[in-house]
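Chemist: Sharing a structure, written as structure tokens. Questions coming.
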Amino acid sequence: MSSSKQRGVTLVEILIALVILTLVTGALAQGTNYLTRRLVRARNASVARSLSWKRMAQTRLEPPFKGHRSGIFGADFPGFSWSETLQTASTSFSAGIGLLDYKLIVSWRQGWEEDRITLETLLYKHPEVKKETVKNDADKETN
């Protein structure tokens, strides 16, 4: 009588291996999807920070306004928009020295959600020099 043992893999072992492989592949796919979304969000936030500094520089060069205004960044940055508010600063130390509260919100669509960054700072409004005062000072120097 000879007892022969067959070597090989049973059907149950193959099914268990396939289930484990499926679970690991599903977990890796979810992790990759999550990381991709985080990278896109980080890139968009970086672009939004750059756009906010650009918009704030433009605001500083323009004549001061008080109130609220908004707009878009154009075709180069689709989906990105801005909203800004400028008002007299309400801090106790800023009374009468020309400080303005400036708030800028840059927002963008990301999938089904809207994301945004907010920049808040104080801006200094230079007092306007009247031409008559400059002329009177020049007259004083010539006398």
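Chemist: Select from the range 104-143 the residues that are among the hydrophobic types (A, V, I, L, M, F, W, C) and surrounded by 11 or more Cβ atoms within 10 Å (Cβ to Cβ) and write down the one among them that is modelled with the lowest pLDDT.
Modeler: Taking the range 104-143 and keeping what is among the hydrophobic types (A, V, I, L, M, F, W, C), we get 104-106, 108, 112, 117, 119, 122-123, 129, 134, 138.
After this cut, where a residue has to be surrounded by 11 or more Cβ atoms within 10 Å (Cβ to Cβ) as well, the list is 104-106, 108, 117, 119, 122-123.
Numbers: L104: 95, I105: 96, V106: 96, W108: 93, I117: 94, L119: 92, L122: 85, L123: 82.
Among residues in the range 104-143 that are among the hydrophobic types (A, V, I, L, M, F, W, C) and surrounded by 11 or more Cβ atoms within 10 Å (Cβ to Cβ), the one modelled with the lowest pLDDT is L123.
Rundown of residues vs (1) among the basic types (K, R); (2) in contact with a strand residue (DSSP E or B) (Cβ under 8 Å, 6 or more places away or on another chain); (3) closer than 30 Å to G98 by Cα, yes/no style:
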{"residue": "S46", "(1), (2), (3)": "no, no, no"}
{"residue": "K54", "(1), (2), (3)": "yes, no, yes"}
{"residue": "R60", "(1), (2), (3)": "yes, yes, yes"}
{"residue": "P64", "(1), (2), (3)": "no, yes, yes"}
{"residue": "G79", "(1), (2), (3)": "no, yes, no"}
{"residue": "T85", "(1), (2), (3)": "no, yes, yes"}
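Chemist: Here's something else I'd like to know. If we scan the range 98-108, do we find a residue that is part of a loop (DSSP other than H, G, I, E, B), touching a strand residue (DSSP E or B) at 6+ places or on another chain (Cβ under 9 Å) and charged (D, E, K, R)? Lay out the reasoning, then the answer.
Modeler: Pass one, the range 98-108, residues part of a loop (DSSP other than H, G, I, E, B): 98.
This time we only want the ones that are touching a strand residue (DSSP E or B) at 6+ places or on another chain (Cβ under 9 Å), so: 98.
Those still in the list that are charged (D, E, K, R) too: none.
Checking the range 98-108: not a single residue is part of a loop (DSSP other than H, G, I, E, B), touching a strand residue (DSSP E or B) at 6+ places or on another chain (Cβ under 9 Å) and charged (D, E, K, R).
Chemist: If you don't mind, there's one more thing I want to ask. Which one of the conditions (1) surrounded by 13 or more Cβ atoms within 10 Å (Cβ to Cβ); (2) touching a residue at least 40 places away in the same chain (Cβ under 8 Å) does R60 fail to meet, given that it meets all the rest?
Modeler: If we test R60 against (1) surrounded by 13 or more Cβ atoms within 10 Å (Cβ to Cβ); (2) touching a residue at least 40 places away in the same chain (Cβ under 8 Å), just (1) comes out false.
Chemist: Shifting gears a bit: Tell me yes or no: at least one residue of the range 63-79 is surrounded by fewer than 10 Cβ atoms within 10 Å (Cβ to Cβ), at negative phi and more than 19 Å from the chain's Cα centre (by Cα). Full working, then the answer.
Modeler: The initial filter retains those residues of the range 63-79 that are surrounded by fewer than 10 Cβ atoms within 10 Å (Cβ to Cβ), namely 63, 67, 74-76.
Right, trim to at negative phi and you get 63, 75-76.
From the residues that got through so far, the ones that are more than 19 Å from the chain's Cα centre (by Cα) too are 63.
Within the range 63-79, one or more residues are surrounded by fewer than 10 Cβ atoms within 10 Å (Cβ to Cβ), at negative phi and more than 19 Å from the chain's Cα centre (by Cα).
Chemist: If you don't mind, another one. Is at least one residue of the range 18-40 touching a Phe, Trp or Tyr at 6+ places or on another chain (Cβ under 9 Å) and not charged (D, E, K, R)?
Modeler: Scanning the range 18-40, I find no residue that is touching a Phe, Trp or Tyr at 6+ places or on another chain (Cβ under 9 Å) and not charged (D, E, K, R), so the answer is no.
Chemist: Inspect the range 17-38 for any residue being surrounded by 11 or more Cβ atoms within 10 Å (Cβ to Cβ) and among the β-branched types (V, I, T) and give the result as yes or no.
Modeler: Here is the first cut: in the range 17-38, the ones surrounded by 11 or more Cβ atoms within 10 Å (Cβ to Cβ) are 17, 37.
Still in the list and also among the β-branched types (V, I, T): none.
Checked against the condition, which is being surrounded by 11 or more Cβ atoms within 10 Å (Cβ to Cβ) and among the β-branched types (V, I, T), the range 17-38 yields no hits at all.
Chemist: Let me ask something else about it. From R55, R49, which residue is surrounded by 14 or more Cβ atoms within 10 Å (Cβ to Cβ) and either among the aliphatic types (A, V, I, L, M) or in contact (Cβ under 8 Å) with a residue 40 or more places away in the chain (or both)?
Modeler: Details: R49 fails: surrounded by 14 or more Cβ atoms within 10 Å (Cβ to Cβ).
Unique residue meeting the criteria: R55.
Chemist: Being part of a helix (DSSP H, G or I) and either hydroxyl-bearing (S, T, Y) or surrounded by 10 or more Cβ atoms within 10 Å (Cβ to Cβ) (or both) is the filter here, so list the residues in the range 1-13 that pass it. Don't jump to the end; show me each part of the working.
Modeler: Here is the first cut: in the range 1-13, the residues part of a helix (DSSP H, G or I) are 11-13.
Residue satisfying the conditions is E13 alone.
The values are calculated or read from the model by the stated rules, or taken from the named source; none is laboratory data. On a predicted model such as this, the values are computed, not experimentally measured, just so you know. Cβ sites come from the backbone with ideal geometry, for glycine too, and all protein chains shown count toward neighbours.
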